[in-house]
Amino acid sequence: MLSYRLSQRLLRHHLPAGLLTVAGASFLFFTRGYSDVITRLSFATAYPALLLVGLSLMIGPWKLLMRRRGRAISMDFRRDIGIWAGLASVFHAVVGNFEHLRGRPWLYYIYENWRDKHVQPFRHDVFGLGNLTGLFAALTLLALLATSNDVSLRKLGTPGWKQLQRWNYAAFALMAVHTFTYQWGIKQPNLPWVMLAFAAIATTGVLQYLGYERRRGSRIGPVSRGLGRRERV
């Protein structure tokens, strides 16, 4: 039997998040003019993944700015959005490794016949940068996805679990580099999608900064008031 809390999470969080993710990806899949399924799947999952990871990072600052009370650690809604962000991102990474070099996915990361022109095998061109940042982002999100549960929270403890979950920031930064590298360095840039990606990344960054300033102000305020009281004494 499912607990009441889990059943509510499935109904209120996972069901709408899953439906919106699948609907958005399906819309992109069926409206693209690419000739093969793999390319359309790669495109259709790229932007939902980026938006979901960005959304997972916006929830905390938004609650803070709106002064809404709630559990600061492991808030269910943020965690559940993060689960769908991880699923979409890992799926995109797996599909993307078969988009350009069919049957030879290792060439996304190392040069073919590298001894002829390079001193080391790992790609250091724009194509390699886009692939490596995407790979590291996917691996980071996979680790976060695997630990986004109550068992991991109890085992790691609140400080350790929260420290691990902070790697979501690094994953988002890697996804941003991956997105723009592909748009400007590998494919012909499509302005509407570039603007969508930029808007998502910029909005996330602005909310994170505002949330940081609000937390910083809340920490400084009590300290200043305490110093004032001691000075008057």
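In this rough spin-label picture, where each label sits 7 Å from Cα along the Cβ direction, the A202-R215 distance is 2.5 nm. Within straight-line reach of K155, meaning a Cα separation under 20 Å, sit the following aspartates and glutamates at least 8 residues removed in sequence or on another chain: D76, D80. Sorting the segments 43-54, 200-211 by their residues' average number of neighbouring beta-carbon atoms within 10 angstrom, most packed first, yields 43-54, 200-211.
Across every direction, the projection of the convex hull enclosing the Cα atoms of the range 78-169 has a mean area of 7.5 nm². A full extension of the chain between L19 and M75 corresponds to an added length of 18.1 nm, given 0.36 nm per residue minus the alpha carbon distance. How tilted is helix 76-96 with respect to the longest principal axis of the chain? Cα atoms for both, answer in degrees (0 to 90, nearest 10). With rounding to tens, the tilt is 10 degrees. Computed from Cα atoms, the angle from the helix 37-65 axis to the main principal axis of the chain rounds to 10 degrees. Based on alpha carbons, the Rg and Dmax found for the range 1-46 are 15.1, 46 Å. Helix-only arithmetic for the chain: the sum of -39500 (n - 2.57) across DSSP H runs with n ≥ 4, divided by the residue total, places the mean residue ellipticity at 222 nm at -25000 deg cm²/dmol. Taking label positions 7 Å along the Cα-Cβ direction at both Q8 and R104, the computed distance is 5.5 nm, reported to one decimal. Evaluated at q = 0.15, 0.16, 0.25 Å⁻¹, the base-10 log of the normalised Debye intensity for the range 1-94, with identical point scatterers placed on the Cα atoms, takes the values -0.65, -0.72, -1.23. Phi angles across the range 199-206 convert, under the Karplus curve 6.51 cos²θ - 1.76 cosθ + 1.60 with θ = phi - 60°, into 3J(HN,Hα) values of 4, 5, 5, 5, 4, 4, x, 5 Hz, Gly and Pro given as x.
Can you give the convex hull volume of the alpha carbon atoms of the chain per residue, in Å³?
On the way: hull volume 45.7 nm³, N = 233.
So the per-residue Cα hull volume is 196 Å³.
For the chain, take the longest principal axis of its alpha carbons; what is the angle in degrees between that and the long axis of helix 15-31, to the nearest 10 within 0 to 90? So the helix axis and the longest Cα principal axis differ by about 30 degrees.
Set the Förster distance to 45 Å, then compute FRET efficiency between F29 and H124 from the Cβ-Cβ distance, nearest 0.05.
Using R0 = 45 Å, I get an efficiency of 0.85.
Any read-out appearing in this document is the output of simple, stated calculations on the displayed coordinates, not a laboratory observation. No experiment lies behind these values; they were computed from the predicted model shown. Quick reminder, even Gly has a Cβ in these numbers, built from the backbone with ideal geometry, and neighbours come from all protein chains shown.
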